[in-house]
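Engineer: This is the structure I want to talk about, given as structure tokens.
Since every read-out is calculated from the coordinates, none of them should be taken as a lab result. Just so we're clear, the structure is a prediction, and the values are computed from it rather than from any experiment. Don't worry about glycine lacking a Cβ; one is built from the backbone with ideal geometry, like all the others, and counts go over all protein chains shown.
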Amino acid sequence: MRPGHAALRVNTSWTVRVERLEIRLPVGIHADELEPQPLWVSLAATGAAPASPQVLHHCFDYEPLCRWLTHDWPGTPHTPLLETRINQLCAYLFGLDERLQTVWVGLYKQRMSRQALAVGVERQMTRLEFEAMQDLACAAAAMRATDAPASGKGNHASVHG
């Protein structure tokens with residue numbers, strides 16, 4: 001086939017998959033979890049790309065993802081919840097390539113139970129769900145900004161339901 005042939009411009013569904021990549025992240029509610037602990041990350045990120053890729057930019061490049069998972073993400077501050085880490089990973093994936101439409105991610109603590117190989121949390125999200133979540137977060141931030149008194153100090157009262 002010649003370059004530019006119609007068959008080379010057909011897109012198909014591709015999935016990048018990472019299974020049980022060991023990383024170290026500071027996450028958890030217990031005192032001994034303030035320091036990075038071993039976790040496994042698994043993920044599948046799916047989107048449409050050329051069915052017959054000719055160069056790397058036609059593909060979903062997983063090298064930046066693996067570098068971020070193993071080098072950049074472990075240097076981020078502690079957070080108490082795996083769910084927060086899951087949302088960070090989803091945000092990274094959707095920001096990595098605009099062609100991705102669905103992501104599934106799982107984070108698993110290796111030291112949680114002697115009876116289980118690992119214990120963790122998984123989430124699947126579409127780009128549409130992610131963008132709606134981002135829109136809600138922006139709207140909430142804007143509401144907080146308009147509710148703050150002119151002095152620049154926010155209202156510190158809380159309501160528990």
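Engineer: Please work out the Cα convex hull volume for the chain and give it in Å³ per residue.
Structural biologist: Hull volume normalised by residue count: 179 Å³.
Engineer: When the chain is fully extended, how far beyond the present Cα-Cα distance does ALA49 get from SER113, taking 0.36 nm per residue of separation?
Structural biologist: 19.0 nm
Engineer: Hey, another quick one. Can you give me the angle between helix 127-147 and the longest principal axis of the chain, using Cα atoms only, in degrees from 0 to 90, rounded to the nearest 10?
Structural biologist: 30
Engineer: Another question, if that's okay. Helix 82-96 versus the longest principal axis of the chain: what is the Cα-based angle in degrees, 0 to 90, to the nearest 10?
Structural biologist: Between the helix axis and the principal axis of the chain, the angle is about 40 degrees.
Engineer: Continuing with this model, one more query. Along the three principal axes, how long is the range 69-148 when you take its alpha carbons, biggest first, rounded to the nearest angstrom?
Structural biologist: 49, 34, 24
Engineer: What does the highest-first list of 36-43, 109-116, 78-85, 135-142 look like by mean Cβ count within 10 Å?
Structural biologist: Ranked by mean Cβ neighbours within 10 Å, highest first: 36-43, 78-85, 109-116, 135-142.
Engineer: Considering the dipole of the range 31-161 built from charges on the beta carbon (Lys and Arg +1, Asp and Glu -1) around the Cα centre, which of SER113, TYR92, LEU39 is farthest to its positive end?
Structural biologist: Of the options given, the answer is SER113.
Engineer: What's the extension gain from LEU81 to HIS57 if we count 0.36 nm per residue and subtract their Cα-Cα distance?
Structural biologist: 5.2 nm
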